[in-house]
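Q: What follows is a structure written as structure tokens; I'll ask about it next.
Bear in mind these aren't lab numbers, they're just calculated from the coordinates by the rules spelled out. In this text, all values refer to a predicted model and were calculated from it rather than measured experimentally. Every residue, glycine as well, gets a Cβ built from its backbone with ideal geometry; the counts of neighbours run over all protein chains shown.
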Amino acid sequence: MNYLQKTMISYYKWRKGVLMLMLLEAVLILGVLGLLIVTFIVSLTSTKGSLALATLRNHLNLLQIRFNKSSIMNAEEERSDIEKLINDVKAACPKHIISHDVNLKAKLHLVYMQISSIADNRSDVTKTSWIKLRAVAYDFGESYVPGFAK
């Protein structure tokens with residue numbers, strides 16, 4: 001074998017090694033990129049859950065304030081608003097996070113008691129709307145908040 005053939009063979013081996021390293025680097029970069037994407041998605045999901053819980057708690061606070069001020073309220077609108085917020089919470093949070101939220105449990109219980117009081121004392125056309133609102137609060141409380149009805 002002459003010098004030119006040896007040089008060509010070593011160049012070919014070197015080129016083959018560099019190509020393998022480039023492929024390995026590309027796979028590594030894709031793996032890291034995939035991990036970054038998964039991390040970003042998980043962080044957004046957890047943010048949605050805490051935002052949904054905060055929104056529901058704020059709405060329950062506003063409801064309680066309106067009850068205390070004896071404001072005129074439309075039970076059908078409140079029911080649809082609370083159903084939407086509850087569905088957002090259910091979609092964004094696992095059950096164990098919802099059930100361990102002490103502030104949500106307290107607010108939901110107070111609002112439920114106030115809704116029950118209003119539903120029991122109504123004798124007009126809106127009584128069924130108040131009963132439906134009470135049922136929505138009770139169903140969520142029973143399903144997601146341990147010891148809700150006690």
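Q: Can you give me the C-alpha center-to-center distance between the range 124-143 and the range 49-102, rounded to a whole angstrom?
A: Each part's Cα centre sits 13 Å from the other's.
Q: For the chain, what is the mean residue ellipticity at 222 nm derived from helices alone (per DSSP H run of n ≥ 4: -39500 (n - 2.57); sum divided by total residues; nearest 500 deg cm²/dmol)?
A: Calculated from helices alone, the mean residue ellipticity at 222 nm is -30000 deg cm²/dmol.
Q: Kindly provide the trypsin sites (Lys or Arg not before Pro) of the range 61-98 that DSSP labels as loop, not H, G, I, E or B, and whose Cβ sees at most 10 other Cβ atoms within 10 Å.
A: K69
Q: For the range 3-144, count all C-alpha to C-alpha pairs, find those more than 20 Å apart, and express that count as a whole percent of the total.
A: In whole percent, the share of Cα-Cα pairs in the range 3-144 beyond 20 Å is 61.
Q: Moving to a separate point now. Tell me, V89, V42, V125 in order of fewest to most beta-carbon neighbours within 10 Å?
A: V125, V42, V89
Q: Continuing with this model, one more query. GNM, the chain, Cα, under 10 Å: largest mean-square fluctuation among I118, I37, I98?
A: Highest fluctuation among the options: I37.
Q: While we're here: What do you get for the angle between helix 3-68 and the principal long axis of the chain? Use alpha-carbon atoms, 0 to 90 degrees, nearest ten.
A: So the inclination is approximately 10 degrees.
Q: So, one more: Which ³J(HN,Hα) values, rounded to whole Hz and listed in residue order, are derived for the range 84-94 from phi using the Karplus coefficients 6.51, -1.76 and 1.60 in 6.51 cos²θ - 1.76 cosθ + 1.60 with θ = phi - 60°, glycine and proline given as x?
A: Per residue, the Karplus-derived 3J(HN,Hα) values read 4, 5, 5, 5, 4, 5, 4, 6, 9, 10, x Hz.
Q: Among L44, L53, L63, which one shows the biggest mean-square fluctuation in a GNM of the chain, springs joining Cα atoms closer than 10 Å?
A: Taking springs between Cα atoms under 10 Å, the residue moving most is L44.
Q: Count the lysine pairs in the chain that are 8 or more places apart or on different chains: how many have C-alpha atoms under 20 angstrom apart?
A: Summing the qualifying lysine pairs gives 21.
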